[in-house]
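Notes for the one structure printed next.
The values are calculated or read from the model by the stated rules, or taken from the named source; none is laboratory data. Source: prediction; values computed, not measured. Cβ coordinates were reconstructed from backbone atoms using ideal geometry, including for glycine residues, and neighbour counts include every protein chain displayed. Each accessible area value is taken on the protein alone, full model and side chains, heavy atoms only, with ligands, DNA and RNA left out. Shrake-Rupley method; radii C 1.70, N 1.55, O 1.52, S 1.80 Å.
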Amino acid sequence: MSTTTRLSGRRLPILMYHSISDTQPDPNQICVSPKRFAEQLAWLNHHGYRGVSMVEFLDADAHGRGERLVGMTFDDGYDDFRTNAVPLLNDAGFTATVFVISDRLGGENEWDDEPRLRLMDAAGVREVAQRGMEIGCHSSSHARLLSVDDEHRVHEMVDSRAALKEIVGVDVQGFAYPYGDADESVAAIAKDAGYGYACATKPGNPASPWLLPRRFVGERDGGMRLRLKLALAGR
Ligand SMILES: [Zn+2]
C-alpha cells in the first residue's frame with residue numbers, strides 16, 4: 001500500500017465502532033453490547049458480506065475484489081476489543097482494524113466524560129495483531145488535530161506511527177483522526193508521514209484515501225438500520 005493507495009472510485013462502506021461492552025450509562029453512545037455486535041456480524045454474514053480490516057479492504061478494492069466486503073474499524077483501542085470483539089470476529093471469520101493511541105496504551109479514555117474504559121496495553125495490542133487484526137494509529141494523545149499547531153500535529157501523527165511500529169514490529173499503514181477532526185491540511189500530513197490511508201468520519205472525502213468517510217454503528221443498529229447504513233455508504 002503506502003502512498004500508492006488507489007481507490008476503485010466506488011464509495012466504500014466502512015463501519016466505525018468504539019467499545020464492545022455492556023456499559024451503562026453511555027451518553028456518547030460509544031458502546032455496543034457483545035450480544036448486539038454478534039447479531040450485527042451474523043446479519044452481515046447472512047447477507048453475504050464479510051467484514052475485513054482496512055488494509056485487506058483497500059487492497060481488495062484496488063484489485064476489483066471488494067464488492068462484498070465491509071471495512072470494520074474500532075477507534076481508541078479499548079481492552080474490550082481484545083476480550084469481547086476479537087473472539088466474535090474470529091468466530092465469524094472476519095478481521096478488523098483497531099486504531100490505538102500510542103501514548104495512552106494501558107491507560108483510560110481520559111479525554112471523554114463517562115463511561116471510563118480501559119485501553120489495551122502494549123501486550124494486548126501485540127496479542128490482537130497475532131490474532132489477525134490490523135493495528136492502526138489514532139494519534140499520540142487523542143488531540144483535536146484541527147486545534148493544534150503543525151509541530152503538535154507532527155507529534156500526534158508521525159511520532160505515534162514510529163512508536164507503534166516499535167510495539168507491533170511492522171509498518172503501521174492506517175490512521176484515524178481523533179473526533180473525525182480532519183481537513184486537507186492534516187490529510188497531507190498523514191500522506192507525508194507514510195500512512196497508506198486515513199479514516200475520517202462523515203462527510204470525509206470518498207475520493208481521497210486519506211479522508212475516508214465512515215459510518216457510525218451503535219447499539220440501536222439492528223438489521224434494518226445496518227442495511228440502510230450500508231446502502232448510504234454505497235452497498
Ligand atoms: Zn477516538
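Amide hydrogen proximity for Arg118: with H placed 1.01 Å from N in the peptide plane, the residues at 5 or more positions away or on another chain lying under 5 Å are Asp79. Applied to the stretch 159-168, the Karplus parametrisation 6.51 cos²θ - 1.76 cosθ + 1.60 on θ = phi - 60° returns per-residue 3J(HN,Hα) values of 4, 5, 5, 5, 5, 6, 4, 4, 6, 8 Hz, with x for Gly and Pro. Within a straight-line Cα-Cα reach of under 22 Å, Lys165 can be paired with the following lysines, leaving aside sequence neighbours fewer than 8 residues apart in one chain: Lys191.
Volume per residue of the convex hull around the Cα atoms, evaluated for the stretch 22-161, comes out as 124 Å³.
With a 1.4 Å probe and all protein chains left in place, how much of the accessible area of the chain comes from carbon and sulfur atoms, in whole percent?
About 48 percent, which is the carbon plus sulfur part of the accessible surface.
Residues Ile189, Ile101, ordered by accessible area of protein heavy atoms at a 1.4 angstrom probe radius and largest first, appear as Ile189, Ile101. Couplings 3J(HN,Hα) of the stretch 198-215, computed from phi: 8, 9, 9, 10, 7, x, x, 8, x, 8, 10, x, 9, 9, 5, x, 10, 9 Hz, in residue order, whole Hz [Karplus 6.51 cos²θ - 1.76 cosθ + 1.60, θ = phi - 60°; x for Gly and Pro]. By the rule of a C-alpha distance below 13 Å, with chain neighbours fewer than 8 residues away ignored, the aspartates and glutamates paired with Lys35 are Asp22, Glu219, Asp221. Using the charge dipole of the chain (Lys, Arg: +1 at Cβ; Asp, Glu: -1 at Cβ; taken about the Cα centre), state which of Ala198, His46, Val154 has its Cα farthest towards the positive end. The residue sitting most towards the positive pole is His46.
Could you tell me the relative contact order of the stretch 2-230? Use alpha-carbon pairs under 8 Å, at least six residues apart, and round to a whole percent. The normalised contact order for the stretch 2-230 reaches 22 percent. Applying 0.36 nm per residue to the separation of Glu151 and Glu127 and subtracting their alpha-carbon distance, the gain on full extension is 5.4 nm. When the chain is treated as a Gaussian network with alpha carbon springs shorter than 10 Å, the biggest mean-square fluctuation among Asp181, Asp26, Asp75 belongs to Asp26. Computing FRET efficiency as 1/(1 + (r/R0)^6) for Arg65 and Asp192, where r is the C-beta to C-beta distance and R0 is 30 Å, gives about 0.55. How much of the DSSP beta bridge set in the chain is antiparallel, as a percent to the nearest 5? Approximately 10 percent, going by the DSSP bridge assignments.
Taking Val52, Val170, Val98 as the candidate residues, the one with maximal mean-square fluctuation in a Gaussian network model of the chain, Cα springs under 10 Å, is Val170. Computed with a 1.4 Å probe over protein heavy atoms only, the accessible area of Ser21 comes to about 20 Å².
On a 1.4 Å probe surface of the protein chains, which of Tyr49, Tyr78 comes out largest in accessible area, and what is the full order?
Order by accessible area, largest first: Tyr49, Tyr78.
Listed by chain and number, the lysines placed with their C-alpha closer than 17 angstrom to that of Lys229 are Lys202; residues fewer than eight positions away on the same chain are left out.
The P(r) of the chain has a tail past 31 Å containing 13 percent of all C-alpha pairs.
Straightening the chain between Val170 and Ala207 buys 10.6 nm, computed as 0.36 nm per residue apart minus the Cα-Cα spacing. Cα convex hull, the stretch 113-199: 101 Å³ per residue, rounded to a whole number.
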